[in-house]
Amino acid sequence: MPNSPFPTPHSPRCMREKIDALTQNLALTIVGKAEAIRLVLVALLGGGHALLEDVPGVGKTLLAKSLARSLDGKFQRLQCTPDLLPTDITGTNIWNPKSGEFTFLPGPVFTNILLADEINRATPRTQSALLEVMEEHQVTVDGVSRLVPQPFFVIATQNPIEYQGTFPLPEAQMDRFMLSLSLGYPSEAEELLMLQNLQNGIKVGDLQPCITLAEVQELRYICSQVKVTTSLQQYILELVRATRQDEEIALGVSPRGTLALQRAAQALAFLLGRDYAIPDDVKFLVPHVLCHRLIPRGGRNARTVVERLLRSVSIP
């Protein structure tokens, strides 16, 4: 997303208060997942998209719906199934007998927040319908390109690929997610609190919007201005280039991943109250930004390989 050429009309301190309110809003329905909430906000403010990878029933869809309810924008949910067609996502031209011409019927991607639930249950052909809109924020149907509303944010969920009826996401699709994260099972105390909140807790439908679309755009602009020193950029480059040279990795991280890591570090620094990024921001984000973009050799675990590379690259 291109940055606004105009300075934000609100101070960074005021906008951090907005973020605090958004975080607290999400915490009303998402129990004990502060790190997951922060990572989703990093993707949102960094101008990217988020992929939630985990087993069913741990709250992936709940987190996505809670975020959508907390933003004062348009929300669409796309339930992915094997029989879903590309036009079910992008929209299609239909014949209008009254006007005697074709009329474009927009698909669910014409929204601000798109929840692609169980994205890996759609076929690769259907998944590819998201490639253009996730990168260029536009949809091309029958040779005509149409812009989607701004801001545009995709939050997708997927179950492990070994589950029945799922398809691995193509490398090009994975590369368009700024970061991936896993919620994991709750602790015993967190799961007990979930039971206690079952009758009296806040439901997703009870959440009220606490941040506007214009404020999201302002926050993205502020995050893009967070300072990243040349030495830190060199550190990012060395980490990314190490994935392309390592013998245990068949496919390394693309330049898109390099840019995503810097933007994510800027957003995280802002969320932590700084106007400059530090190496610890990058180290924390590397597993979430890089692991889903590379393909290890011989069935090796991507996270294990990335953590080894983190130890091997010197910190500035």
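The values are calculated or read from the model by the stated rules, or taken from the named source; none is laboratory data. All of these numbers come straight from a predicted model, not from anything done at the bench. Cβ: placed from backbone, ideal geometry, glycine included. Neighbour counts: every protein chain shown. Remember, those area values only see protein heavy atoms, side chains included, never the ligands or the DNA or RNA. Shrake-Rupley method; radii C 1.70, N 1.55, O 1.52, S 1.80 Å.
The table below lists the values:
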item: Unique residue being of a type in the set (Gly, Ala, Ser) and assigned to a helix (DSSP H, G or I) when the list is 156, 189; result: 189
item: Single match in 277, 250, 302 (criterion: in contact (Cβ under 8 Å) with a residue 24 or more places away in the chain and under 22 Å from residue 53 (Cβ atoms)); result: 250
item: Residue in the stretch 203-223 that is open to solvent by less than 20 Å² (accessible area, probe 1.4 Å), touching a Leu at 6+ places or on another chain (Cβ under 6 Å), in the same structural domain as residue 39 (by the TED database) and β-branched (Val, Ile, Thr) present; result: yes
item: Residue check, residue 260 assigned to a helix (DSSP H, G or I) and among the small types (Gly, Ala, Ser); result: yes
item: Exclusive hit being in contact with a helix residue (DSSP H, G or I) (Cβ under 8 Å, 6 or more places away or on another chain) and in contact (Cβ under 8 Å) with a residue 12 or more places away in the chain, set 271, 213; result: 271
item: Boolean, residue 78 is closer than 21 Å to residue 28 by Cα and assigned by the TED database to the domain that holds residue 18; result: no
item: Options 193, 198; residue that is in the same structural domain as residue 61 (by the TED database), open to solvent by 20 Å² or more (accessible area, probe 1.4 Å) and free of Cβ contacts under 8 Å to residues at least 24 places away in the same chain; result: 198
item: Residue in the stretch 142-159 that is touching a Lys or Arg at 6+ places or on another chain (Cβ under 6 Å), outside the structural domain of residue 263 (by the TED database) and either surrounded by 19 or more Cβ atoms within 10 Å (Cβ to Cβ) or of a type in the set (Asp, Glu) (or both) present; result: yes
item: Test result for residue 297, surrounded by fewer than 20 Cβ atoms within 10 Å (Cβ to Cβ) and basic (Lys, Arg); result: yes
item: Residue ID - most open to solvent (accessible area, probe 1.4 Å), chosen from residues in the stretch 47-64 that are part of a loop (DSSP other than H, G, I, E, B) and more than 21 Å from residue 27 (Cβ to Cβ); result: 56
item: Whichever residue in the stretch 175-190 is aliphatic (A, V, I, L, M), crowded, with 17+ Cβ neighbours inside 10 Å and out of contact with any Gly (no Cβ under 6 Å at 6 or more places or on another chain) and, among such residues, is nearest to residue 133 (Cα to Cα); result: 179
item: Helices (runs of 4 or more DSSP H) within the stretch 73-136 that include 2 or more residues open to solvent by 10 Å² or more (accessible area, probe 1.4 Å) and modelled with pLDDT of 90 or more; result: 87-90, 131-136
item: Count - residues of the stretch 279-316 that are aliphatic (A, V, I, L, M) and touching a strand residue (DSSP E or B) at 6+ places or on another chain (Cβ under 8 Å); result: 6
item: Failed item, numbered, when residue 315 is tested on (1) of a type in the set (A, V, I, L, M, F, W, C); (2) in a helix (DSSP H, G or I); (3) at pLDDT below 95; result: (2)
item: Residue under evaluation residue 260, criteria (1) open to solvent by 70 Å² or more (accessible area, probe 1.4 Å); (2) closer than 28 Å to residue 56 by Cβ, criterion not met; result: (1)
item: Residue match in the stretch 237-256 (condition: closer than 20 Å to residue 38 by Cβ and open to solvent by less than 80 Å² (accessible area, probe 1.4 Å)); result: no
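For every residue, the table says whether it meets (1) within 28 Å of residue 12 (Cβ to Cβ); (2) of a type in the set (Lys, Arg); (3) at pLDDT 95 or above.
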{"site": "237", "(1), (2), (3)": "yes, no, yes"}
{"site": "259", "(1), (2), (3)": "yes, no, yes"}
{"site": "272", "(1), (2), (3)": "yes, no, no"}
{"site": "277", "(1), (2), (3)": "yes, no, yes"}
{"site": "280", "(1), (2), (3)": "yes, no, yes"}
{"site": "289", "(1), (2), (3)": "yes, no, yes"}
{"site": "295", "(1), (2), (3)": "no, no, no"}
{"site": "300", "(1), (2), (3)": "no, yes, no"}
{"site": "303", "(1), (2), (3)": "no, yes, no"}
